[in-house]
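In what follows, a single structure is set out as C-alpha cells and then discussed.
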Amino acid sequence: MAPLLLGKLLVHRTPAGILAGRIVEAEAYLGPHHPTPDPAAHSHRGPTPRNEVLFGPPGHAYVYSIYGRYFCMNVNCEPEGMAGGVLFRALDPVAGIPQMARNRGLSANAPHPAIASGPGRLCEALGLTRARHNGLDLLDPASPLQLRDDGFSVSEVCVTERIGIRQAADLPLRFALPGHGCVSGRKSLTGNCVSLV
DNA sequence: AGGCCGATCCTCT
DNA sequence: GAGGATCGGCCTA
C-alpha cells in the first residue's frame, strides 16, 4: 500500500479553507500478524489505548503525538483485527499553500520543501492533531480529512530503509517519488528506484 | 509511582 | 554533525 499511496492527495477541509498536498514519501509499518517482525511498529506489542485505531477497520487515520511537540499521521492499511499502517512522511503542497505555510510559522511564500517535508511538519502544515483527527475515515466523502486520487500518474518509485527509528531499521519500507524536491531526509535515492508500470 | 525513550524539528558549530 | 525541547505512553517495581 505504501508505494501505491504515493501521488495521492491528502485533503483537509478547515474553516480557513481547503488544505491539500500530494504524498511524495511514505513508510510502511508491519502489524504483529505479519510474517516479518517489525518491532518499530506501534502495533507490534498488541492493542493499547493509543494505537487502537490501527486494529480497527482500514482507511482510518492513526494520529499520535511524538516528542511532546509534534504529531504524525498514518492510514490503517489492514483489515479489522490486523494492524499495519502507512506513515505519511512528506507532501508537495497543492492547495491552501499560504495557510499551510502559516500553520508552520513560515512566510506565505515559503519554498514548498519547507512546508510539509517530514511527518511532523506535514501534520503541522495541515493542522492535524490527535484530539481532532485520530480515527477519522479517510475514505468517507463527508470526512474533513480525506485521501483522494486526482489521476496523477506515478511511473517510478524509490525504496530505502526507514528514517528515524532504531529497531528493524534495515527493512526496505520507505518509499518516495524519485528526485522530488519535497522528499525529506538526505539519503540518496539513486539506484533504488523501480518502475511500477 | 517512577523512569525511560521516542515513526521529530530546529538551532548552533 | 550534535544537542536540546518536551510529554504521553508503556514498562518495571
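The values are calculated or read from the model by the stated rules, or taken from the named source; none is laboratory data. If you're wondering where the values come from, they're calculated on a predicted model, not measured in any experiment. Note that each Cβ is placed from the backbone with ideal geometry, even for glycine, and that neighbours are counted across all protein chains shown.
Assorted remarks:
- Residue satisfying all of: in the range A:57-95; among the hydroxyl-bearing types (S, T, Y) and either outside any loop (DSSP other than H, G, I, E, B) or at pLDDT below 95 (or both); nearest to A:A28 (Cα to Cα) among these: A:Y62
- Against the numbered list (1) near DNA strand B (Cβ under 9 Å from one of its atoms); (2) under 23 Å from A:T14 (Cβ atoms), A:V63 comes up short only at (1).
- Among the residues of the range A:51-64, some residue qualifies, meaning at least one is touching a residue at least 40 places away in the same chain (Cβ under 8 Å), surrounded by fewer than 18 Cβ atoms within 10 Å (Cβ to Cβ) and closer than 17 Å to A:L4 by Cβ.
One line per residue, one yes/no per condition, for (1) over 15 Å from the mean Cα position of the chain (by Cα); (2) farther than 17 Å from A:L122 by Cα:
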position: A:L4; (1), (2): no, yes
position: A:P15; (1), (2): yes, yes
position: A:E27; (1), (2): no, no
position: A:S43; (1), (2): yes, yes
position: A:A61; (1), (2): no, no
position: A:R69; (1), (2): yes, no
position: A:D92; (1), (2): no, no
position: A:A95; (1), (2): yes, no
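- Residue, surrounded by the most Cβ atoms within 10 Å (Cβ to Cβ), within the range A:66-105, restricted to residues that are near DNA strand B (Cβ under 9 Å from one of its atoms) and of a type in the set (V, I, T): A:V86
- Flag for A:S65 being more than 15 Å from DNA strand C (Cβ to nearest atom) and not aromatic (F, W, Y): no
- Filtered residues of the range A:1-43 (kept if crowded, with 22+ Cβ neighbours inside 10 Å, within 16 Å of DNA strand C (Cβ to nearest atom) and either more than 14 Å from A:M82 (Cβ to Cβ) or among the hydrophobic types (A, V, I, L, M, F, W, C) (or both)): A:A41
- If you go through the range A:68-80 and keep only what is touching a residue at least 40 places away in the same chain (Cβ under 8 Å), of a type outside the set (D, E) and more than 16 Å from DNA strand C (Cβ to nearest atom), you end up with A:V75, A:C77.
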